[in-house]
1. Between Lys167 and Asp25, 0.36 nm times their residue separation minus their Cα-Cα distance comes to what?
2. For the pair Gln10 and Lys118, what calculated FRET efficiency results from E = 1/(1 + (r/R0)^6), where r is the Cβ-Cβ distance and R0 = 30 Å, to the nearest 0.05?
3. At 1.4 Å probe size, with no ligands or nucleic acids counted, give the accessible surface of Trp32 in Å², nearest ten.
4. How much length is gained if the chain between Ser86 and Val176 is pulled fully straight, taking 0.36 nm per residue apart and subtracting their Cα-Cα distance, in nm to one decimal?
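The values are calculated or read from the model by the stated rules, or taken from the named source; none is laboratory data. Note that the structure is a prediction, hence the values are computed from the model and not measured. Please note: Cβ atoms are built from the backbone with ideal geometry, for glycine as well, and neighbour counts cover all protein chains shown. For accessibility, only protein heavy atoms count, side chains too; no ligands or nucleic acids. Shrake-Rupley method; radii C 1.70, N 1.55, O 1.52, S 1.80 Å.
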Amino acid sequence: MSTPYFRFKQFSVWHDRCAMKVGTDGVLIGAWASALASEVDSLAESPIVPTAVGHILDIGTGSGLVALMLAQRFPNAFVEGIDIDSSAVEQAQDNFSASPFSMRMHAYSSPLQEWQPKEKYDMIVSNPPYFSNSLLCPDDMRTKARHNESLSFANLLEHSNRLLKQKGTLSLVLPVDAEKAI
């Protein structure tokens with residue numbers, strides 16, 4: 001039996017009420033998303049001026065793992081997570097509340113297509129559902145978390161563009177065979 005939580009240095013992530021458990025994809029995007037923001041600055045034609053990451057959105061937050069990792073990496077950022085699974089949102093909010101970053105984090109139950117934040121984001125991250133035209137899981141919530149019927153790549157890109165500031169960054173974890181679709 002797997003452990004219902006995963007312990008990091010500064011926080012723990014409980015995932016027993018989520019369809020998708022803490023896994024390699026989430027840990028990787030949480031670790032490298034900030035490096036990507038730095039790379040964007042270094043590619044600018046003008047003199048390098050560090051971009052302050054003040055507002056981050058985690059699409060499909062699940063247990064809140066990626067959002068928590070980014071709150072740890074960006075100590076001045078306000079981090080929001082959205083998910084369509086209300087049980088996952090409750091678990092993410094519990095994980096946020098138990099963390100040392102609780103005052104800068106909040107989880108909401110909302111599909112990306114309907115999300116209307118108060119301000120645009122400096123950074124958006126997602127470990128999106130990426131299976132299409134494949135065998136569905138008997139567990140409905142796991143199917144929604146893994147298969148892109150409710151969030152196509154086109155929708156993900158369109159709404160991320162709508163929600164990002166002009167110089168914002170979008171970081172995604174996708175399998176190599178999804179490259180053509182993106």
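1. Result: 48.6 nm gained on full extension.
2. Values: r = 27 Å, r/R0 = 0.91.
Calculated value: 0.65.
3. 90 Å²
4. Gain on extension, Ser86 to Val176, equals 29.4 nm.
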